[in-house]
Amino acid sequence: MPPDRPLWIFDMDGTLTEAVHDFGWIRSELGLAADAPILDSIASASQERRTAMNRRLHEIELELAAQARPAAGIHEFLALLKQAGHSLAILTRNKHEIALLTLQKAGLAEFFESEAIVDREMAPPKPDPEGIRFHLNRLGLNPGQAFMVGDYRYDLEAGRAAGAGTIYMDPTGAFPFRELADICARDFLELMEH
Ligand SMILES: [Mg+2]
């Protein structure tokens, strides 16, 4: 196991679950340019367009949540952390109800209390570190007592900005954002051996 820290904060999509989000397709469904940031683009659209985009995004998110599958080794990994008395938390750019549905479909709901899920409406989205601070304050911990685990640069940047340890999951083993990570692993089986 990696070094012991009492709080483990996980990104959800592509970290706890297998990556199914095709962000290029989502952008095209929303009528956005290929490189446009999805949430920021919606926030800055006209009210009428924003409403339509939010509706379509919600449909897409429900479809994706219904297909959620657990990442390799995650069930065993979370069970070990929980047995050892660690706090498990989620920081996601998703919505709360979508996060709960995704966890249910992936068979991981038993590991996370509802209040241990910080969604995009509770804190500014990653890479902003505020969601990590929310979890730390909730539990009365300092950043050095937490890991942020994720599959994308925003997760790792948020972790670094908060002063937490960062664990980078990339099943391809390419790790393009490795300079932001304290630990890199292809999957949770590999992380358990770390
Ligand atoms: Mg992710």
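Each of 25, 8 was scored by other Cβ atoms within 10 Å of its Cβ. Listed from fewest to most, they are 25, 8.
If you wrap the tightest convex hull around every Cα atom of the range 76-132 and split its volume per residue, you get 84 Å³.
The length gained on full extension between residue 28 and residue 130, counted as 0.36 nm times the residue separation minus their Cα-Cα distance, comes to 33.8 nm. Exposure proxy ranking for 180, 139, 156, based on other Cβ atoms within 10 angstrom of each Cβ and starting from the fewest, stands as 139, 180, 156. Our compactness index for the chain, the C-alpha radius of gyration over the empirical 2.2 N^0.38 Å, is 0.99. Separation of the range 116-194 and the range 17-42, taken as the distance between their Cα centroids, equals 21 angstrom.
Shown for 183, 74: other C-beta atoms within 10 Å of each C-beta, ranked fewest to most, produce the order 183, 74.
According to the square roots a ≥ b ≥ c of the eigenvalues of the Cα gyration tensor, what is the shape class of the range 1-86, taking rounded for a/c under 1.5, prolate for a/b larger than b/c otherwise, and oblate for the remainder? Provide the component values of the computation, followed by the final result.
Details: a/c = 3.04, a/b = 2.42, b/c = 1.26.
Note, shape of the range 1-86 comes out prolate.
Considering only 58, 188, 6, the residue lying farthest towards the positive end of the dipole of the chain is 58, judged by Cα position with unit charges set on Cβ.
What the Kirkwood sum gives for the range 54-158 is a hydrodynamic radius of 14.5 Å, with every pair of different alpha carbons counted.
Throughout, read-outs are computed from the coordinates displayed, never taken from laboratory work. Just so we're clear, the structure is a prediction, and the values are computed from it rather than from any experiment. We place every Cβ from the backbone using ideal geometry, glycine too, and count neighbours over all the protein chains shown.
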